Amino acid sequence: MLTDTICAALSAAGLGIAGLTAYRKRFRAAVRIAAYALLPVGLAMTGILDWLAGLVFNPTVWAGFGVLGLSWLLFLVSRAAERRSGGTREERRAAAAAERGGAPVAGSSDLALGSGRGATGAKAAGKRKPTAGSAASGPGASGSSGSSGSSGPEDFSDIEAILKKHGI
């Protein structure tokens, strides 16, 4: 009952302001103010305000909001952990399948550095046999310095040369 009285008072005040605005020949603004002024009465007449008051003062509803917040927080933590662990589930599955199959994953540093054992790994990387795709398109075949978009060993020839130069 109190909410209905407050809404009626707000609407009356808003309609008064709309009347003064229309008196000053600002009709578009007056119509907009009148539209806003009628909202509280309309909400009170539909019963939405009583429903909202029941939601606000109900402890079960607040517990539900707490559970939703906890769910959101857990989702964010899992996303952050996923980013730190190195990619999505599909990427991890592809990497695991590549390790089992013995073929390096495209985009990994194993292509350029071999098995990662320091100088011996760089030497092993230099002794790799070219694949069918790299034999047809050597490092100079594309006309650029390894940025052709393919993921073969020729893309890492510059990096291998730098590593060999420094004895890595």
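A short reminder: the numbers here are calculations on the coordinates, not readings from a lab. A quick note: this is a predicted structure, and the numbers were derived from the prediction, not measured. Don't worry about glycine lacking a Cβ; one is built from the backbone with ideal geometry, like all the others, and counts go over all protein chains shown.
Between amide H atoms placed 1.01 Å from N, distances below 5 Å from R26 occur with no residue 5 or more places distant or on a separate chain. The label-point distance for A63 and A80, in a model that sets each label 7 Å from Cα toward Cβ, rounds to 2.8 nm.
Based on the Stokes-Einstein relation at 25 °C and a viscosity of 0.890 mPa s, and on the Kirkwood radius from alpha carbon pairs, segment 1-81 is assigned a translational diffusion coefficient of 157 µm²/s.
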